[in-house]
Number of protein chains: 2
Amino acid sequence: MSITFTVIKKDSSCCARLGLLHTPHGTVETPIFMPVGTQATVKTMAPEEVRDVGGRLILSNTYHLYLRPGYELVREAGGLHRFMNWGGPILTDSGGFQVFSLGPLREVAEEGVTFRSHIDGSKHFFSPEKAMEVQMALGSDIAMAFDECVPYPCSWDYAREATERTSRWARRCLAAHSRDGQVVFGIVQGSVFAELREKSALELVDLNFPGYAIGGLSVGEPKDIMYKMLDFTVPFLPGEKPRYLMGVGSPDCLVEGVIRGIDMFDCVLPTRMARNGAVLTRRGKLVVRNAEYARDFTPLDPDCDCYACRHYTRAYIRHLIKAGEVLGIRLTTIHNLRFVLKLMEEIREAIRHGTILDYRDKFLKEYQGPQAQ
Amino acid sequence: MSITFTVIKKDSSCCARLGLLHTPHGTVETPIFMPVGTQATVKTMAPEEVRDVGGRLILSNTYHLYLRPGYELVREAGGLHRFMNWGGPILTDSGGFQVFSLGPLREVAEEGVTFRSHIDGSKHFFSPEKAMEVQMALGSDIAMAFDECVPYPCSWDYAREATERTSRWARRCLAAHSRDGQVVFGIVQGSVFAELREKSALELVDLNFPGYAIGGLSVGEPKDIMYKMLDFTVPFLPGEKPRYLMGVGSPDCLVEGVIRGIDMFDCVLPTRMARNGAVLTRRGKLVVRNAEYARDFTPLDPDCDCYACRHYTRAYIRHLIKAGEVLGIRLTTIHNLRFVLKLMEEIREAIRHGTILDYRDKFLKEYQGPQAQ
């Protein structure tokens, strides 16, 4: 069995849609946010807790797992699901984004990328074939093609070169991939250039991937440019296949992305923010580690149903974080993931009822309003 | 309602006994090991997890909570139970041990101890009266008298001086204490000198505390000296009151302590060891972060029923610890606490069946045996 996708409802006034993504490890409803488990664990959380906050499909990281503990080890362990005790579906990114983020530590050629480990400086080589080999060993449900992700801003020439290489590499990924029960999604690149986005989308669609990601956004460009790129790119992608916007997870972008036809998202924002002592609330971001919350005996977010909000006060969580206690960032992580996953539940509900545009307006008004705490 | 203690069975061949300690937050069976929640949290764990591994009575720390977040703040929060969401009983130590551990950062006088905070160097003063005031604000079920704990080795003269001061301070603690539903335990000192231990015990028993701790052991002296001190001291303590051996938690010492008549123990050993990547097993200590466990796909301890051992391998836990992932030390902490708390369950069961000496021999043979992993 492999991945299939069913669109069960389309909104009549925008591109939002409700779908079902069927995987060997269960069916998930879309639009979905995927918690990030970079190193085979969603930071600070146990798998049951990820499930409790509403996590269904998690993302893990080829580059990190390749370096540590090593993909052969994960294969010996029976694959990533078993290694980390996660029974639900897993998507692995290809390592492209991480390798290209290494800057001076890597060298790009047509064959692939030579890079040095951020852990010990050791030299490694990643190619489309290698990225497939590693992801086949990990045994994720969805593997990602090995792409070249360019920074923002980026020259037209370099963006074109990277986009063309991404298409050639995509072809090599498909040729190298041969694992039943795992599919490969293609990644559309093209920086902020409409012409390149179109070219990339058309070339990838030609390869008939079972799903498409939009990569290279949320890398520093203004949000309105990201939205324009989505408006422009999505129509080139086949309507019957899932669309995944990579690395996007701030609440406003999730809502805006869904409206533009995105089915899947991932981002470290909620979990990373949590470890910095900040939380998402209906009224915007709240830095609970700030002194003003020292004697605040109310929950992180009075509207939230998560474990942290049901049992603990801002004062206690602030104390834990100031004292360097792990439970502090466990609680903020639980809260932030629950916040984003509940937002996705509400988004799906709004699409179901045909009210997603109203929902967007209402949500953003409160979230971005002047009374943000 | 306050603390009462019932001895329900005494072993006929040694001093071990089974008891029930009734507190305003529930009744617990003794002998008991108390997980340590220094800063109002058992490091890395949520309260439900502490309960799941068998934790019933936890210890928290007056010195640490006085400095951060401050005892008035905990009082405002509704007391320590509510602040940290722990529904079971809590024992707070007096801060004596911590203050005396500060070395050059403190100055002792008859009135009390002037010390500097290990966090920011600020100057503070602790006295028996202050230690009571803070613990009354925290609202623990059992408060500890403010004592002078001497290091090992220690001269007879200094040990005598500290022991005498501990008795005078004990009297002041009782005079200053006035919180319903909270009791104060006295602490026997006297270093490794039998004469001073006797003197300390007799003077404190004279004050009629509802429970007695033996302090100043497990501070560096050889274990056989600790055992001799217990053999010598316990007979001076009233049989109908609980006896608490402070700071002791290695598995062999727990068994040996119970046999010598101890009802309560606390120690950071299981939780601290866990954070260093080492675990307790029936066959001794296992340093799971070592390279030899990289491809070991068996549980931490095949005989253990804890969450970590039911779901994860040594290879995975080692990976998490090497990668700096919090879940790694969460799992080793869960395991180590479960190990010690299950040991206490087995100890109570053995006392119930009159087989505690056999249990001791069998346990120690395996735990200290040559096949220790």
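The values are calculated or read from the model by the stated rules, or taken from the named source; none is laboratory data. The model shown is predicted, which means the values in this text are computed figures rather than measured ones. Neighbour counts are summed over all protein chains in view; Cβ atoms, including those assigned to glycine, are modelled from backbone coordinates with ideal geometry. With ligands, DNA and RNA removed, areas are computed over all heavy atoms of the protein, side chains included. Shrake-Rupley method; radii C 1.70, N 1.55, O 1.52, S 1.80 Å.
For segment B:111-122, residues that are out of contact with any helix residue (DSSP H, G or I) (no Cβ under 6 Å at 6 or more places or on another chain), open to solvent by less than 30 Å² (accessible area, probe 1.4 Å) and within 14 Å of chain A (Cβ to nearest Cβ) total 0. Check A:ALA308, A:ALA323, A:ALA291 and return the single one that is in contact with a helix residue (DSSP H, G or I) (Cβ under 7 Å, 6 or more places away or on another chain) and either within 13 Å of chain B (Cβ to nearest Cβ) or more than 18 Å from A:THR44 (Cβ to Cβ) (or both). The match here is A:ALA308. Looking across A:VAL184, A:VAL192, A:VAL188, one residue alone is free of Cβ contacts under 8 Å to residues at least 60 places away in the same chain and closer than 20 Å to A:GLU111 by Cβ. It is A:VAL184. Would you confirm, using the coordinates I've provided, whether A:LEU217 is farther than 17 Å from A:ALA143 by Cβ, of a type outside the set (Ser, Thr, Tyr) and surrounded by 24 or more Cβ atoms within 10 Å (Cβ to Cβ)? So A:LEU217 fits the description; yes. B:CYS14 satisfies every condition listed in (1) open to solvent by less than 40 Å² (accessible area, probe 1.4 Å); (2) within 15 Å of the chain's Cα centre (by Cα); (3) more than 20 Å from B:ILE119 (Cβ to Cβ) except (2). Within segment A:128-138, the set of residues being touching a strand residue (DSSP E or B) at 6+ places or on another chain (Cβ under 8 Å) and either farther than 17 Å from A:ILE90 by Cα or open to solvent by 10 Å² or more (accessible area, probe 1.4 Å) (or both) comprises A:MET136 only. Among the residues of segment B:352-360, none qualifies, meaning not one is crowded, with 19+ Cβ neighbours inside 10 Å, assigned to a helix (DSSP H, G or I), within 23 Å of the chain's Cα centre (by Cα) and within 14 Å of chain A (Cβ to nearest Cβ). Within segment A:175-186, being surrounded by 16 or more Cβ atoms within 10 Å (Cβ to Cβ) and out of contact with any His (no Cβ under 9 Å at 6 or more places or on another chain) holds for A:ALA176, A:HIS177, A:ARG179, A:GLN182, A:PHE185, A:GLY186. For A:HIS335, the criteria (1) closer than 18 Å to A:VAL50 by Cα; (2) within 12 Å of another protein chain (Cβ to nearest Cβ); (3) surrounded by 16 or more Cβ atoms within 10 Å (Cβ to Cβ); (4) not hydrophobic (A, V, I, L, M, F, W, C) hold in every case but one, which is (2).
To keep it simple, each residue is scored yes or no on (1) out of contact with any Cys (no Cβ under 6 Å at 6 or more places or on another chain); (2) within 24 Å of B:ALA137 (Cα to Cα); (3) surrounded by fewer than 21 Cβ atoms within 10 Å (Cβ to Cβ).
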position	(1), (2), (3)
B:PHE193	yes, no, yes
B:PRO210	yes, yes, yes
B:GLU221	yes, no, yes
B:MET229	yes, no, no
B:LEU245	yes, no, no
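Is it the case that B:GLY284 is on the phi > 0 side of the Ramachandran plot and within 14 Å of chain A (Cβ to nearest Cβ)? Taking the combined requirement at face value, the residue does not satisfy it.
The set of residues from segment B:280-293 being free of Cβ contacts under 8 Å to residues at least 60 places away in the same chain, open to solvent by 20 Å² or more (accessible area, probe 1.4 Å) and either closer than 12 Å to B:ASN336 by Cα or of a type in the set (A, V, I, L, M) (or both) comprises B:VAL287, B:ALA291. Can you pull out the residues in segment A:72-109 that are closer than 18 Å to B:GLU325 by Cα and in contact (Cβ under 8 Å) with a residue 40 or more places away in the chain? Matches in segment A:72-109: A:VAL74, A:LEU80, A:HIS81, A:PHE83, A:MET84, A:TRP86. Just one of the listed residues (B:GLY328, B:GLY277) is surrounded by 20 or more Cβ atoms within 10 Å (Cβ to Cβ), at positive phi and not aromatic (Phe, Trp, Tyr), namely B:GLY277. One residue alone among B:ALA159, B:ALA143 is in contact with a Leu (Cβ under 9 Å, 6 or more places away or on another chain) and more than 14 Å from B:SER200 (Cβ to Cβ), and that residue is B:ALA143.
Only one entry in A:ILE58, A:ILE3 is β-branched (Val, Ile, Thr) and touching a helix residue (DSSP H, G or I) at 6+ places or on another chain (Cβ under 8 Å), namely A:ILE58.
The number of residues in segment A:145-161 being surrounded by 23 or more Cβ atoms within 10 Å (Cβ to Cβ) and not in a loop (DSSP other than H, G, I, E, B) comes to 1. Checked against (1) assigned to a loop (DSSP other than H, G, I, E, B); (2) among the hydrophobic types (A, V, I, L, M, F, W, C); (3) surrounded by fewer than 19 Cβ atoms within 10 Å (Cβ to Cβ), A:PHE125 passes all but a single condition, namely (1).
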